[in-house]
Amino acid sequence: MTCYFCENPRETYMNYFCKDCAILKRTISLYGKRVHEVVNEVLIRKVDQQKNKIKKELHSEEAKLKAYNLRSKPILNAIQ
């Protein structure tokens, strides 16, 4: 039998969730909506945050490419 949430094997036949998901369920039962707020604010990126992350990654890739090109040119000139 599999966990109803993550589809990993369950601990026992009588449980609906695996050990990790059972802990999450108890946490949600204990803290309620606050768990959803924390997940949304901390773990899930908003649209503007996603755009910023994309720009940041593209900028770092361009910087790596430029650094690679700068390092490779002197080596080619030295060989010739």
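The values are calculated or read from the model by the stated rules, or taken from the named source; none is laboratory data. No experiment lies behind these values; they were computed from the predicted model shown. A quick note on method: Cβ atoms are made from the backbone with ideal geometry, for glycine too, and the neighbour counts reach across all protein chains shown.
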Residue check for Y4: surrounded by 12 or more Cβ atoms within 10 Å (Cβ to Cβ) and touching a residue at least 12 places away in the same chain (Cβ under 8 Å): yes
Please enumerate the residues belonging to the range 25-35 that are in contact with a helix residue (DSSP H, G or I) (Cβ under 8 Å, 6 or more places away or on another chain) and either touching a residue at least 12 places away in the same chain (Cβ under 8 Å) or not hydroxyl-bearing (S, T, Y) (or both). I28, V35
Quick one: Y16 ticks every box in (1) outside any helix (DSSP H, G or I); (2) modelled with pLDDT under 85 except a single one, so which number is it? (2)
I'd like the full set of residues that are within 30 Å of P9 (Cβ to Cβ) and not hydrophobic (A, V, I, L, M, F, W, C), limited to the range 35-68. H36, N40
Just name the residue that is modelled with the lowest pLDDT out of those in the range 28-40 that are of a type in the set (D, E, K, R) and surrounded by 10 or more Cβ atoms within 10 Å (Cβ to Cβ). E37
